[in-house]
1. Give the residues of the stretch B:120-144 that are within 16 Å of ligand 1 (Cβ to nearest atom) and surrounded by fewer than 18 Cβ atoms within 10 Å (Cβ to Cβ), sorted by residue number.
2. Restricting to the stretch B:145-168, name every residue that is in contact with a strand residue (DSSP E or B) (Cβ under 6 Å, 6 or more places away or on another chain) and away from ligand 1 (no atom under 16 Å from the Cβ).
3. How many residues, within the stretch B:198-214, are buried (at least 24 other Cβ atoms within 10 Å of the Cβ) and either assigned to a loop (DSSP other than H, G, I, E, B) or without any contact (Cβ under 8 Å) to a residue 40 or more places away in the chain (or both)?
4. Under 22 Å from the mean Cα position of the chain (by Cα), within 11 Å of ligand 1 (Cβ to nearest atom) and under 27 Å from B:GLY348 (Cβ atoms), is that true of B:ALA177?
5. In this structure, is B:GLY217 surrounded by fewer than 18 Cβ atoms within 10 Å (Cβ to Cβ), of a type outside the set (Lys, Arg), without any contact (Cβ under 8 Å) to a residue 60 or more places away in the chain and assigned to a loop (DSSP other than H, G, I, E, B)?
6. For the stretch A:39-55, which residues satisfy the criterion of being of a type in the set (D, E, K, R) and in contact (Cβ under 8 Å) with a residue 24 or more places away in the chain?
7. Name the single residue that is surrounded by the fewest Cβ atoms within 10 Å (Cβ to Cβ) among those in the stretch B:184-197 being of a type in the set (Val, Ile, Thr) and not in a strand (DSSP E or B).
8. Restricting to helices (runs of 4 or more DSSP H) lying wholly in the stretch B:268-361: which have 1 or more residues that are farther than 16 Å from B:TYR383 by Cβ and within 12 Å of another protein chain (Cβ to nearest Cβ)?
Amino acid sequence: MWDYSDKVKEHFFQPRNAGPLADANAVGDVGSISCGDALRLMLKVDPETETIEEAHFQTFGCGSAIASSSALTEIVKGMKLDDALKVSNQDIADYLDGLPPEKMHCSVMGREALQAAIANYRGEEWSDDHEEGALICKCFAIDAVLIEDTVRANNLSTMEDVINYTKAGGGCASCHEGIEEILAKVLAERGETFKAVPVKLDKEAPKPGKLTNLERIRRIEAVLESVRPQLQRDHGDIELVDVDGKTVYVSMTGACAGCQMEALTLQGIQTKLMEELGELIKLVPTRAGSLARATSQP
Amino acid sequence: MEGIYLDNNATTRVDPAVVEAMLPYFTEQFGNPSSLHSFGNKVGLAVKKARMQVQELLGAEHESEIIFTSCGTESDSTAILSALKANPERREIITTVLEHPAILSLYSQLEKEGYTAHYLKVDGKGRVDMDEYKRLLSDKVAVVSVMWANNETGSFFPVLEMAELANAAGVMFHTDAVQAVGKVPIDLKNSKIDMLSLSGHKLHAPKGIGVLYLKRGVRFRPLLRGGHQERGRRAGTENTASIVALGKACEMALAAMEHENTEVRRLRDKLEAGILAKVPHAFVTGDASNRLPNTSNIAFEYIEGEAILLLLNKFGIAASSGSACTSGSLEPSHVMRAMGIPYTAAHGTTRFSLSRYTTEEEIDRVIQVVPEIVAQLRKLSPYWGENGPSAEPEKDFAPVYA
Ligand SMILES: Cc1ncc(COP(=O)(O)O)c(C=O)c1O
Ligand code: FES
C-alpha cells in the first residue's frame with residue numbers, strides 16, 4: 001500500500017466539498033477515464049469581487065486524486081481568482097504534507113482543473129501541452145517524456161548531463177538502465193552512439209562557509225558564464241541580477257523565457273551552483289510566474 | 001478483529017504446521033546437506049523427502065526432475081534462458097499477452113537482444129486463438145511459455161493441449177504454474193510439459209523458495225553455475241529450512257485439494273453472487289467457467305480500484321486491484337487491457353482471492369461491506385449521476401485533454 005500521510009488519508013476518508021455544485025459559474029474538467037484520473041472542479045465566483053465563494057469537486061481516481069481534489073477546494077475557497085491562479089501543484093502536495101513521487105501527477109491534475117475552471121469563468125480557451133510518460137526516476141519523480149525532451153533540447157549525451165539537468169538518476173541510481181535507454185535512443189536519432197562513462201555520484205562538495213561574499217558572487221558568475229554559450233545556441237540568455245543570501249536572482253531572456261524548458265534549465269543551473277558553492281542555493285528568475293514553474297516541476 | 005485476508009494470489013500465510021516443520025533446520029539441523037558428516041547427512045535426507053513431496057503434488061515421474069530455486073521468477077528466467085542457450089540457432093519465442101511480468105519483462109529484454117517474440121492475443125474472456133498458436137509453431141521457435149492460470153482473473157490457459165502441440169512441432173514448452181500449483185490437480189508425467197515453475201509463498205510455504213520442474217531428458221543449461229547442488233543444475237547452498245517447508249506445504253496442499261475445489265469454490269461463488277446481486281454495473285472478468293476455484297475478479301464500473309482498496313482496508317478487508325494507481329504506472333493492468341475491458345471498468349477491477357482458511361463469516365462480511373463502499377465512491381465520481389452512470393459519460397464529462 002502507498003505510504004500516504006495522515007493528511008492524505010484524512011482527506012480521502014472524509015473528502016471536503018464533494019459532489020456537484022448547483023449554482024457553479026466556473027467549471028473545469030480535466031483528465032480522462034483512460035488515464036484512471038478525472039476531475040471536475042466547480043466554483044462559485046462572486047462577479048463583483050472575483051472571489052471564489054464555494055468550491056466543489058467530483059473525482060474518478062485513486063486515494064491521492066480524491067485527497068488532492070478535496071485539498072484543492074479547501075485551498076481556493078475565499079481566494080481571489082488571480083491569487084488562485086498562482087496555486088501550484090506543489091502547494092496542493094504541501095497542504096497534504098506531501099505525496100509519494102508516483103502520485104505527484106494527482107496534484108498536477110488539481111492545478112490544471114483550477115486553471116481550466118478559471119478559464120471557463122473568463123470565457124477563455126484553456127489548453128495544456130500536458131504529456132506524461134512512464135515514471136523513470138522514482139527518487140525525483142521524473143518521467144520519460146521529461147528526460148527525453150531535456151536530452152533533446154539541450155543536446156545531452158551522458159548520464160551526468162541528465163543528472164545535472166533533470167536530477168533524474170542522481171539519487172539511488174537504480175533508474176540508470178532506463179535513462180541510458182533514453183539517451184541511446186535520442187543519440188541514435190542524431191546519428192551518434194551512446195557511450196557509457198562512469199558517473200561520479202556523491203561528489204565531494206567544496207568546503208562550505210569559507211567563501212567571502214565577493215568570492216561567492218564571482219563563483220556564481222562563473223557558473224552562469226559557463227552555461228551561457230549553451231543558452232545562446234538556443235537563442236536565449238541568462239544574467240545575474242542579485243544575490244540575497246541563499247537566493248540568486250537571474251533574468252532569463254530569449255527563447256527560453258517562460259517555456260517548459262526554462263524550468264528545466266533553471267533546475268540544472270541551480271544544481272551546478274549548489275555543487276560549485278557547496279551550499280543550498282535557490283535560483284529565482286525575476287519574472288513573476290516562472291518561479292512557480294521552476295519549483296513545481298515534479 | 002484479525003482482518004479478512006482475501007489476497008491469497010499475492011501471497012499466503014505460512015501454515016503453522018509448515019513453520020513447525022521448518023524450524024529445526026535453523027537450529028539443531030543446521031548442517032550443510034552436502035557434508036558427509038552426520039550434521040549434514042540428516043539434512044540431506046530432509047531435502048530428499050521434500051523433493052518427493054513436491055514430486056507427488058506435481059505428479060512428476062522422477063524426484064530428480066524437481067530443482068529447488070529461490071522463487072517463481074528465478075524458475076521462469078532459468079527455464080526460458082536455458083531453452084535459448086540449448087537452442088542457439090532458434091531466434092523466436094512465444095508467449096501470451098496475459099503473462100506475469102516475470103515472463104513479459106524477460107521477453108521484452110530478449111527482444112532488445114535480437115529475439116523475435118510472439119505474444120498470443122486473447123479474446124474478451126482471456127482465451128487464446130489456438131489457430132494463431134499453431135501457425136506460429138515452427139523450427140525457428142526456441143521455447144513457448146504459457147501460464148497455467150492467470151494471477152489476476154484465475155482463468156486457465158489450455159496448457160496441456162498447447163504442450164502437446166509444441167511437442168509435436170519439436171518446440172520446448174514451459175508453463176508458469178505459480179498460481180495453479182496447490183489449487184488444481186496436476187499430473188506432469190502424463191503431459192508433454194517440459195518445464196514448470198512454482199513458488200512456495202503462493203501455497204502456504206515461505207517466500208523465497210521456488211521450484212523448476214524439468215522433465216527428464218529435456219536439454220538444460222543452468223543459470224547459476226558453481227557447486228554441484230541440485231545435480232549442478234542450480235548451484236548455491238540449499239535453503240534447507242524453506243525446502244523442508246515447501247515439501248510440507250505441498251503435502252498439505254495435496255491433502256486439501258478436494259476442499260479447495262469444493263468448499264473454497266463454494267465460498268468464492270457465494271461471494272461473487274452476493275456482490276453482483278447488490279451492486280449494479282459490475283461484472284466478472286476472465287473466463288468464469290474455467291478458472292481457479294479461489295479467485296474472483298470483479299470490475300466495478302465508474303470508480304477506481306485503489307480507492308476501493310483503501311476503503312476495504314479500513315474495514316479490515318485485504319484485496320487487490322488492477323488499477324493503474326496501485327501499480328504506480330499510468331495504465332491499468334495489462335491483463336484487463338488485453339482482454340479489451342473498457343477503461344470505465346478496467347480501473348475499478350478488484351481481485352478477491354480466497355484460501356482454505358477463508359471462513360463463511362468473512363465472506364458474509366465482505367458481501368455486506370462492498371456494496372456500501374462502491375456506492376460511496378460512485379457518489380464522488382463525475383461519471384455517475386443521481387441514480388446511475390451518466391447516460392453519455394463522454395458528453396457529460398468532456399475534459400479539455402485526454
Ligand atoms: C503467475 C506468476 N508468476 C510468477 C510470480 C512470481 O513469483 P515469485 O514472487 O516467487 O518470484 C507470480 C507472483 O506474483 C505469479 O503470480
Ligand atoms: S530512481 Fe532515479 S536516482 Fe533513484
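The values are calculated or read from the model by the stated rules, or taken from the named source; none is laboratory data. Just so we're clear, the structure is a prediction, and the values are computed from it rather than from any experiment. No Cβ is skipped: glycine too gets one built from the backbone with ideal geometry, and neighbour counts run over all protein chains shown.
1. Within the stretch B:120-144, none qualify.
2. Within the stretch B:145-168, B:ALA163, B:ALA166 qualify.
3. 4
4. When the stated conditions are applied, B:ALA177 does not pass them.
5. yes
6. If we filter the stretch A:39-55 for residues that are of a type in the set (D, E, K, R), which is where we start, we get A:40, A:44, A:46, A:48, A:50, A:53-54.
Correct list: A:ARG40, A:GLU50, A:GLU53, A:GLU54.
7. Among those that are of a type in the set (Val, Ile, Thr) and not in a strand (DSSP E or B), it is B:ILE186.
8. B:305-314, B:324-327, B:334-338
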